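Everything below concerns the one structure shown next.
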Amino acid sequence: VRSRGLGDVYKRQHLHDCHVCNRIYKQSAMIVNTTFYVEPALKSEFEGWARDCYVAAAVKSTGYVSSMVMRLLVEIEAGAGYAVQLRFADDDAARHWDNAVAPELLAAAAKRWGERMVHFTTFMEELV
């Protein structure tokens, strides 16, 4: 029996499979991951701020789903690294957070700690 190849296999997949994939894609959450690096002396203070200010504001934000605050397990000379992941229901909610809420919080943190804290934000899409 001659193999028909993967191309033929894919062509024979049911149209229903495409609808399932599209439904999963449209329902996928958006994660706003902000990575912070702080000086060692700020670790405890930063962890309190991340929990009591940053995540607390996210909980009140449109489309908030869940959050995690994690310490990075890589050693750096300058201090400690953290990842704050905020899960939002969709891209619009994530963009609202990033454009309307987070800037004020991050500006206040920058004013409070100056160069002793640096951060960058990455958008991620949850696929499964």
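The values are calculated or read from the model by the stated rules, or taken from the named source; none is laboratory data. Note that this is a predicted model, so its numbers are computed, not measured. Side chains are part of the model used for accessible areas, which takes the heavy atoms of the whole protein and leaves out ligands, DNA and RNA. Shrake-Rupley method; radii C 1.70, N 1.55, O 1.52, S 1.80 Å.
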Solvent-free Debye scattering, log10 I(q)/I(0), computed from the Cα coordinates of the stretch 19-128 at q = 0.13, 0.16, 0.22 Å⁻¹: -0.50, -0.71, -1.18
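Quick one: with all protein chains in place, what share of the accessible area of the stretch 69-128 is carbon or sulfur, to the nearest percent (1.4 Å probe)?
Numbers: 2120 of 3910 Å².
With neighbouring chains kept in place, the figure for the stretch 69-128 is 54 percent.
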